[in-house]
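Beneath this line is the structure, given in structure tokens, with notes to follow.
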Amino acid sequence: MKQLLFDENGILTDELIDRWATLSEDCYLKLAKKRADHSVRIRLSVEEMLLRFRSLYGNETNCRIRALNGLAGLRFEISQRGSAINPLEIENDEEFSYDLLSKMNLKPRYIYRPNIGLNVVNIPASMKARKNAMLIGIFTAALLSILTLFFPL
């Protein structure tokens, strides 16, 4: 089940882009706590994607950002109405390419919803794996092996 952490709409001004990038980073840090691994990367990715949206789809069009937390983890969804142009595949832009995001373990996905003319980019926010998960697995395996000694099948 998805949990909506924040949902905002607005015209992409420099101030709003900065505020949304800060809000995304703060949301990530609050949710990840000690497992925060990429807070600066998240902020820069969200900020750069918002700048790309503004340059591609215009600064007079309403843009939306949402933070969703679900089984797949935290992700930021940026959407704006317009024609189908993938902001991840801008030509002659080596500075911020999809390959660079992939190397940072941030693999954004672009989706175009033609029935409503909506461009959507999802930016997953990865976190460090929980160390407790491995300990719980080891403990469970040990407990099950002990139980099978007392209650053979």
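Listing for the model above:
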{"item": "Single condition ALA32 does not satisfy, out of (1) touching a Lys or Arg at 6+ places or on another chain (Cβ under 9 Å); (2) open to solvent by less than 60 Å² (accessible area, probe 1.4 Å); (3) under 16 Å from GLU77 (Cα atoms)", "result": "(3)"}
{"item": "Filter result (in contact (Cβ under 8 Å) with a residue 12 or more places away in the chain, of a type in the set (Asp, Glu) and assigned to a helix (DSSP H, G or I)) within segment 22-42", "result": "GLU25"}
{"item": "Set ASN86, ASN122, ASN69, ASN132: member being within 27 Å of GLN3 (Cα to Cα) and modelled with pLDDT under 85", "result": "ASN132"}
{"item": "Residue match in segment 43-58 (condition: among the polar types (S, T, N, Q), free of Cβ contacts under 8 Å to residues at least 60 places away in the same chain and open to solvent by 70 Å² or more (accessible area, probe 1.4 Å))", "result": "yes"}
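Matching residues to (1) charged (D, E, K, R); (2) at pLDDT 90 or above; (3) surrounded by 14 or more Cβ atoms within 10 Å (Cβ to Cβ):
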residue: ILE65; (1), (2), (3): no, yes, yes
residue: SER79; (1), (2), (3): no, yes, yes
residue: GLU95; (1), (2), (3): yes, no, no
residue: TYR98; (1), (2), (3): no, no, yes
residue: SER102; (1), (2), (3): no, no, no
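The values are calculated or read from the model by the stated rules, or taken from the named source; none is laboratory data. The structure presented is a predicted model; accordingly, all values stated were derived computationally and were not measured. All Cβ positions, even for glycine, are placed from backbone atoms using ideal geometry, and neighbour counts span all protein chains on display. Ligands, DNA and RNA are excluded from the accessible area calculation, which covers all protein heavy atoms including side chains. Shrake-Rupley method; radii C 1.70, N 1.55, O 1.52, S 1.80 Å.
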